[in-house]
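Structure first, commentary second.
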Amino acid sequence: MAIAADGSIWLRSSQGSQCIAAATRRRDDKAGRAGGDYSGCRSRGMAAKAISSPVPVEWYPTLAVVMVSVGLMFTASFFIYEATSSRRSRSVPKEIATAAVASVFLGFGSLFVLLASGVYV
């Protein structure tokens, strides 16, 4: 990273002088929006890689239903275990394991519910 005389911040790649990004601290207009001078940046044949999901988009609704269903089954199992066992026969490691599994499935299930409905988080 280098700061030029005009206040520009230059980030350089490990290949030397190739400019990856530049931004300036100066204000371009009266509204106070930050401007940028990208004239010094030039590409040397390196194209940006597109960001893509490791899971196909078509699987989002199916994964949402499956994971939320499995999470709710583990949650129901946890509540049934708590309601039917006496205080002396309860096992704390079993409770923690059941709650952790339910939490993981409900967490990822809610993530895929949001993704399936178009809210990309």
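Derivation of every value follows stated rules applied to the coordinates shown; laboratory data play no part. Every value quoted in this text rests on a predicted model; they were computed, and no experiment measured them. So basically every Cβ, Gly included, is an ideal-geometry build from the backbone, and we count neighbours across all protein chains shown.
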Residue-wise HN-Hα coupling along segment 102-108, computed from phi with Karplus coefficients 6.51, -1.76, 1.60 (Hz; x: Gly, Pro)
4, 5, 5, 5, 5, x, 5
Say each of Ser85 and Ser103 gets a label point 7 Å from the Cα, pointing the same way as Cα to Cβ; how far apart are those two points in nm?
1.7
